[in-house]
1. Taking the options C:Arg380, C:Arg416, C:Arg447, C:Arg424, name whichever one is under 23 Å from B:Trp102 (Cα atoms) and either out of contact with any helix residue (DSSP H, G or I) (no Cβ under 8 Å at 6 or more places or on another chain) or modelled with pLDDT under 95 (or both).
2. Here is a list: C:Thr322, C:Thr341, C:Thr370. Which entry is at the interface with chain B (Cβ under 10 Å from one of its Cβ atoms) and either buried (at least 19 other Cβ atoms within 10 Å of the Cβ) or not in a helix (DSSP H, G or I) (or both)?
3. Taking the condition of being closer than 21 Å to C:Ser249 by Cα and of a type in the set (Gly, Ala, Ser), how many residues in region C:122-178 meet it?
4. If I ask for residues that are under 17 Å from A:Gly126 (Cα atoms) and facing another protein chain (nearest Cβ under 9 Å), which ones from region B:11-34 would you list?
5. Name the residues in region B:42-71 that are assigned to a loop (DSSP other than H, G, I, E, B) and either within 14 Å of chain C (Cβ to nearest Cβ) or surrounded by 23 or more Cβ atoms within 10 Å (Cβ to Cβ) (or both), would you?
6. Could you check, for region C:435-457, whether at least one of its residues is on the phi < 0 side of the Ramachandran plot and in contact with an Asp or Glu (Cβ under 9 Å, 6 or more places away or on another chain)?
7. Show me the strands (runs of 3 or more DSSP E) entirely contained within region A:59-176 in which 3 or more residues are of a type in the set (Phe, Trp, Tyr).
8. Can you go through C:Arg481, C:Arg496, C:Arg477 and tell me which one is within 14 Å of chain B (Cβ to nearest Cβ) and without any contact (Cβ under 8 Å) to a residue 12 or more places away in the chain?
Amino acid sequence: MKRFSRWLIPILPIPALALLAFGLTRDVQVLPSAIVGEAAPEFHLETMDGDSLRLATLDAQVVVLNFWASWCIPCRQEHPALVRATEVYDESDVRVLGVLYQDTPEGAERFMARFGGEWETVLDPGTRTAIDFGVYGVPETFFIDGDRRIAYKHIGPLSWEILQTKVDSLLAGGGA
Amino acid sequence: MSEAELDQMAAEVAAQLRCPVCRNQSVLESSSGLAREMQSVVRDRLAAGETPEEVRAYFVGRYGDWILLKPEPKGINLLVYLLPAAALLFGGVLLYYRIRRWTGATAPRPEEGLAGLETPDADPAPTEEARAAESTSPDANEGLSEEEEEWIRQQIGSLG
Amino acid sequence: MLSTLGYASVIAALLGAVIATGTGLIGGFKNRSVLVDVSRRATYFTFIAMTAAIVTMEAALLTHDFSVEYVSRVGSRETPSYYTAISLWSSLDGSILFWGWILAGYAALVAFVRREGADHLTPFVLGTLGFVGIFFYGLLAGPANPFGLVVPTPENGPGPNPLLQNHPLMGLHPPLLYFGFVGLTVPFAFAIGALLSGNLEATWLRDARRWMIAAWAFLSLGIIGGAWWSYEVLGWGGYWAWDPVENASFLPWLTATAFLHSVMVQERRGMLKTWNLTLIIGTFILTLFGTFLTRSGILDSVHAFTEGVIGPLFLGYIALLTLGSFLLIAWRSDRLHAPGTLDGAVSRESAFILNNLIFVALTFTVLLGTVFPLVVEWARSERISVGPPYFDMVFTPLALLLLFLMGVGPALPWRRTTAEKMKRSFWLPTAVGVVVVAVTFLLGVRRVYPLITFGFAGFVLATIVEEFRKGVSARRRISGRPPALAFVDLLTRNGRRYGGYVVHTGVVVIAVGLAISGSWKFEREVTLRQGEQVEIGEYRVQFDEIFTREEPQRFVVGGNFQAWKGDRYLGVQQPRLNYYPTSQQPIATPAVETSLSKDLYLTLMAFEPEKGEHATLRAIVNPAVAWLWIGGLIVGIGALIAIWPHGRPVYLPELAVEYVGMEEMADSRAADDGDVTGRGEEAVAVGEEESGS
């Protein structure tokens, strides 16, 4: 082997090691969303009370669309943040809307009765709306702006701080 | 399209979609609720006349490229398709020249092609190992078939 | 109490490993046999200490001592004892403990079999093994301590990961994989030992090779066992998902297999010294890489444990060993120079070298596919997936090339061949291959890959049969024994070669199984009402009812399905969904009705929860899957034949006296073949010098 080339071998694995080091710095749970920035998919669904509801007919400036299920533990964790949102914001400004994910209406009613909250939840038979929104699991929350575009998507339990920041920036007319 | 063909086609598309709530399973393979619904979305869209490409594009629009188990061969993704071939080619060329060099070192006589090697004893420069192995054959030749001779040589050789 | 005892054992093991490393390396460099003795004893001591730690952990698990941190995380009073016992490897720190124990065991075994004779290699080998151990025992003493004390003692624990307690097979393949993975440390230690000692003649290689075959056999069985588990337990209908962790076990297997072939070229020709070192070291690094993948949660996968500090530590350790090993090679490169010569471009040597090219290309491809999502994310901040459709596409052609070479290699003689000889040894296998392709084509097979697979399979099997035939007939002439005994002689007296052919046979069976099951699998997903039937191929399945069952550790929902194959009643099949308190998704248990030609594979996908009136069933007809397990078994048997410690072969001295007159040579070969303890060192070394360099 030539004098210099022999020192090449030890250098070869360095990019691979650097790649792995990079891998450690990231969170595999954070999944991409192709849909942020796009128009929110239209849906026409029934609420738990039996009313029919379309996204286009909602007149609030910001829609907080929350996919949830009664069997989902983190959903309990984020529930107070949503409750607070309905208390703090005027319904004409911010509309919180739940979408039930892979769950029965009975379970959802028990959940709401137990943890409180006044907002409506629509049923999503066949999970079609969740798939339209590219939902991976629950909870996931979409912040939809006045133009009915998806401004921001939050995966996992939402905190009041995040919710407030996003909603306020949308109300102020900026992006999320 | 018959129901069975539709099922088959839906299964083929679903096999290329990654189940979002599973770890490394395709939509086809997962028993999770979301995956089952996704498969029926696939089937419905195919039944409505969409092509498999359009169905895939629908999911990519919702979930991003992540949803495809086989990356689209475009942009940086091309590397994952081209690098293996390049590595094989590079290695192959390297080996070709290496083997030529290695064989050149013991083939001083130009006429020594495949045919020139009919009789091993004619080897002009046997290596140590070769001499060791071959020294068995002249004596051993008697009463032994060629096969056996070969066999003995292999036995001794393969032990060493 | 057990907490303290366990922790003390781990600390003792750590101390032992530190001493073994220090005294081994210093003893080796300074040539002090006293220090080497200390190193050996410290290695034994480490093993005893780790055994104490393992026994303590098992005792804590089985007595439900929840004051021990690990038990509080993976134990539960409801989990059956069997699963409690094997939950040793159901979580991160427990599996590191298990890993450490096996490593200590291997080190002690090496120390024991090499206890006699003052060679220059052993001290360095023990030092290296100790050094590798320090990391694992260090992890156990620090960030991955499973023996931490939990105060106050919990009443109960959550039980192990549902996937790991869902099927008894979980007790089988993880230990096999661990024995394989950890076993690969031994050849690595020999390689590093040889580099450190500076004696890079082929002696070390011979020993490394033997340990490599053993580890390789465990790894092979572990991989097949894992596939079996995946098939029987996970319920997704397949056996290999190209999951990052499956790939992680496959990568070192590929390089180890490459080594087992290229090592023969070095033994014969003294060539490829650096290459073989690189393969051994690369194999070991790949095992660490695989472990890193599993333990760091860097890629999401069924198996990832995802925990904090261990990832960076592991990466640092991999970097240290990788750079260190390759710097050692660079440092010793002047001693690794070999005047490579081949007698003929068409020879068994060339076939092995080509085989190595393809194995390495395959390794590169699988590695690239596994980490490629990371590359894209690094370069583009985008997430992509690389899954089975990609791997199947790139794997198949390369694997077919390897299959082809498997037939070419044995049919080519060492050194060189002639056109005449080639014709003689290849016409029959080629004819068999062509006939197989023609017959399967006439039977209606139109797919290209399966046709090629069958053709190559016929070709390879024909060469193997031919090898055995030649061997048996020669042995019969020499010893006059009947064919059956002559056959047994071949296997027992030249196990490495003929065991290798048995392994090849197993691989051919697996290849055919893969081709058939990959190409002719078909499935239907149907929702059935009670009493309704569905036909799938020649099978018929009827849904009767949904049943539920409360078990201590889980809630089971299953379906009773009656199945028929043609008119033959197959009995009631019960695919189930198991609900564990710790898991959101149910874990499926499929019902598999196996036969040699095809399996009926039923998975319960969904059911009507109120009255069980209908059930959604995924029914798969999986042809020839049983052949994979049979092939795996043959591979295992072949590997066992190859490493079985043989008695001194009788025929060689006979030959030597009666036919050849080369006693001393035969002697050295015999010592090589018959003695695994390394006591034949001197004789072996002589034989090696003759043939190797």
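The values are calculated or read from the model by the stated rules, or taken from the named source; none is laboratory data. Everything numeric here is computed off the predicted structure, so don't read it as measured data. FYI the Cβ positions are ideal-geometry reconstructions off the backbone, even for glycines, and counts take in every protein chain you see.
1. Numbers: C:Arg380 fails: under 23 Å from B:Trp102 (Cα atoms); C:Arg447 fails: under 23 Å from B:Trp102 (Cα atoms); C:Arg424 fails: under 23 Å from B:Trp102 (Cα atoms).
Criteria check complete, one pass: C:Arg416.
2. Values: C:Thr322 fails: at the interface with chain B (Cβ under 10 Å from one of its Cβ atoms); C:Thr370 fails: at the interface with chain B (Cβ under 10 Å from one of its Cβ atoms).
One residue alone meets the criteria, C:Thr341.
3. Matching residues across region C:122-178 total 2.
4. Kept after step one, since they are under 17 Å from A:Gly126 (Cα atoms), are these residues of region B:11-34: B:14, B:19-21, B:27-28, B:30-34.
Result: B:Pro20, B:Val21, B:Leu28, B:Ser30, B:Ser31, B:Ser32, B:Gly33, B:Leu34.
5. Kept after step one, since they are assigned to a loop (DSSP other than H, G, I, E, B), are these residues of region B:42-71: B:48-51, B:64, B:69-71.
Once the filter is applied, which keeps residues that are assigned to a loop (DSSP other than H, G, I, E, B) and either within 14 Å of chain C (Cβ to nearest Cβ) or surrounded by 23 or more Cβ atoms within 10 Å (Cβ to Cβ) (or both), region B:42-71 yields B:Gly64, B:Leu69, B:Lys70, B:Pro71.
6. Taking region C:435-457 as the starting set, the residues that turn out to be on the phi < 0 side of the Ramachandran plot are C:435-443, C:445-457.
From what is left, the residues that are in contact with an Asp or Glu (Cβ under 9 Å, 6 or more places away or on another chain) are none.
No, because not a single residue in region C:435-457 is on the phi < 0 side of the Ramachandran plot and in contact with an Asp or Glu (Cβ under 9 Å, 6 or more places away or on another chain).
7. On the way: elements: A:62-68, A:94-100, A:120-122, A:140-144, A:150-155.
Hits in region A:59-176: none.
8. Values: C:Arg481 fails: within 14 Å of chain B (Cβ to nearest Cβ); C:Arg496 fails: without any contact (Cβ under 8 Å) to a residue 12 or more places away in the chain.
Result: C:Arg477 is the single residue among C:Arg481, C:Arg496, C:Arg477 that is within 14 Å of chain B (Cβ to nearest Cβ) and without any contact (Cβ under 8 Å) to a residue 12 or more places away in the chain.
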